[in-house]
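Novice: This is the structure I have questions about; it appears just below.
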Amino acid sequence: MDVFDIAGRATLQNTDSQKSMATPTLRTLARELGVSRTTISEALRDSPRVRPETAAKIRAAAEAAGYLRNPLAGAMMSELRRSRGGLFRGVIAVLDLEEPDRPAYAKNFHDALARGVQERATELGFRSDRFMVGGRTLPARRLDQILQSRGIRGVILLPAWRTPSLGPFNWDRYTGVYLDYQIDRPALHCVCSDHFQSMMDTLHELQLRGYKQPGIILPPQHDARLSHRWESAFLGFHQHYTTAGGVPPLITDQLDQKVFTNWFRRHKPDIVLTHLLDVLKWMRAAGAEVPRTHGFFCLNLIHATQEPCAGLDLAPADIGALGVEVLIGQLHRNARGAPPRRTLTTLASTWVEGPTVLPRKAG
C-alpha cells in the first residue's frame, strides 16, 4: 500500500506496517505519517490549527488506509474528561436565526422545539446547546469557528420566518436537520408538522359538528413559508367534500379589525380558523356569540395564551425530539453536508377540545 508522508513523498510500507494499517487508528496513522495523534485528529476534523496542505495530505493518507473517523468521538472524549461521566455521546447545536421581522408569537413555538430537542438528546446521551445566529449576535462565520473548535458536528436549525440561510457557513463539515418546510441552502432533511393532513382532519371534524361555512385567516408570509399547505388543504376540502360554495380565505398583511369585520359580514363564516387570538375579540365585537352562533378554532394552540379555546396541538416538543432522532441516525452514518436525496418527515397534530366550538352532534 502506498501512503504519503507529510512532505508528500510516497513510501512503500513493509508487511508489518500493512498489517497494522489493516484496522487503522489515530495511533497507527500518526506512526506511519510521522506526526502526533493530535495533529491527525485536528486535521481530520478540519481544525484551523493544522496547515491546509498538511491537513489535505493527512486526509488523503487516512482515506487510502481506509480510516473512518467517528464524528462524535472528539466531542465525546472532551466532555468525558470534563464530566467523568460515561453516558455522553456528543453535542448538538440548536441554531435559531436572528430575524427582526419574525412575529413575537413565534418565540413560544421555538422554545418548545428546543425543549423537545434537549429532552430527547439527553435521553440518548447527547447534550444540546442553543445559539442565536446572525447580525451582531453571532455571525455565521464565527459560529462555524466555535462549532469546529468544540468538535460539534450535529446541527438542528429552528424554523426561519424568511428563506433560511446561514450565509458563509460551511455545511460540508456538519450533519444538519431543519425543523420546518423547506431549506434549499443546503437541502437538508426536514422534520415538521403535517399541516395539510391536519387541516383536512380538522375540517372533517368540524363538519361532523355541524359547521358548513368555515373561514380561514392566514398571514401571507406564514402561508408561503409552509408551501401553502394550510390553504391548499382548505380549498381542496371544499372542492371535494362539501356542497357549499365555501368562504374565500382571508390572506393579507393588512389584517385589522376593520378588514376582518368586512370579510366576516360579507362571507358569513360560521367558524373561523386562524392563529391570531385577536380575531376572537373581533368576532364578538361583530355580534358573534361564541360558541352558540359561531365557532373559533386556533390553528396552533401554543399561541392561545389569552383564553382557552379549541384548536390544534402541533406538538413542537415532539417535532424537536423526532428531529434529534433523524440527526443522530445521520451522525452514526458519518453523513455530512446536504444529503443526496433529502427527506421530509411529518408529525400528526392533535385536536384539543375547547369552549369555542360546539360538541359533535349525537348519532
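Bear in mind that the values in this text are calculations on the coordinates, not laboratory data. Fair warning: this is a prediction, and the values are worked out from it, not measured in the lab. Cβ: placed from backbone, ideal geometry, glycine included. Neighbour counts: every protein chain shown.
Novice: Convert each backbone phi in the stretch 161-176 into a coupling constant with the Karplus relation 6.51 cos²θ - 1.76 cosθ + 1.60 (shift: θ = phi - 60°), then list the ³J(HN,Hα) values in order as whole Hz, x for Gly and Pro.
Specialist: 6, 9, 4, x, 7, 9, x, x, 10, 7, 5, 4, 7, 10, 9, x
Novice: With θ set to phi - 60°, apply the Karplus curve 6.51 cos²θ - 1.76 cosθ + 1.60 along the stretch 105-110 and write out the HN-Hα couplings as whole Hz, x wherever there is a Gly or Pro.
Specialist: Going residue by residue, I get 5, 5, 4, 4, 5, 5 Hz, with x marking Gly and Pro.
Novice: Going by average Cβ neighbours within 10 Å, how do the peptides 229-238, 30-39, 284-293, 315-324 rank, with the highest at the top?
Specialist: 315-324, 229-238, 30-39, 284-293
Novice: Taking Lys107 as the anchor, which lysines have their alpha carbon closer than 27 Å to its alpha carbon, excluding any fewer than eight residues away along the same chain?
Specialist: Cα-Cα hits under 27 Å: Lys281.
Novice: Under 5 Å between amide hydrogens, which residues at least 5 positions from Ile183 or on another chain qualify, with H placed 1.01 Å from N in the peptide plane?
Specialist: Leu188
Novice: How much mean residue ellipticity at 222 nm does the chain get from its helices, if each DSSP H run of length 4 or more adds -39500 (n - 2.57) and you divide by all residues, to the nearest 500 deg cm²/dmol?
Specialist: Counting only the DSSP helices, I get -12000 deg cm²/dmol.
Novice: Which of the peptides 239-245, 252-258, 122-128 is most tightly packed, and how do the rest follow, going by the mean number of other Cβ atoms within 10 Å of each residue? All intermediate terms of the calculation are to be shown ahead of the outcome.
Specialist: Working: 239-245: 9.7, 252-258: 11.7, 122-128: 16.4.
Order by mean packing, descending: 122-128, 252-258, 239-245.
Novice: What are the extents of the Cα atoms of the chain along their three principal axes, in Å, largest first?
Specialist: Each principal axis gives a Cα extent; for the chain these are 88, 46, 39 Å.
Novice: Taking amide H atoms as placed 1.01 Å from N in the peptide plane, list the residues 5 or more away in sequence, or in a different chain, whose amide H sits under 5 Å from that of Ala310.
Specialist: Those lying under 5 Å, H to H, from Ala310 are Cys298, Gly354, Thr356, Val357.
Novice: Next question, about the same structure. ³J(HN,Hα) across the stretch 252-257 via Karplus (A = 6.51, B = -1.76, C = 1.60, θ = phi - 60°), whole Hz, x for Gly/Pro?
Specialist: So the J values, rounded to whole Hz, are 8, 7, 9, 5, 8, 4.
Novice: Would you pull out the residues with amide H under 5 Å of Phe131's amide H, same chain only if 5 or more places away, H placed 1.01 Å from N?
Specialist: Val94, Leu95, Asp96
Novice: Suppose R0 equals 51 Å. What FRET efficiency, 1/(1 + (r/R0)^6) with r the Cβ-Cβ distance, do Thr252 and Thr25 give to the nearest 0.05?
Specialist: Working from the Cβ atoms, E equals 0.25.
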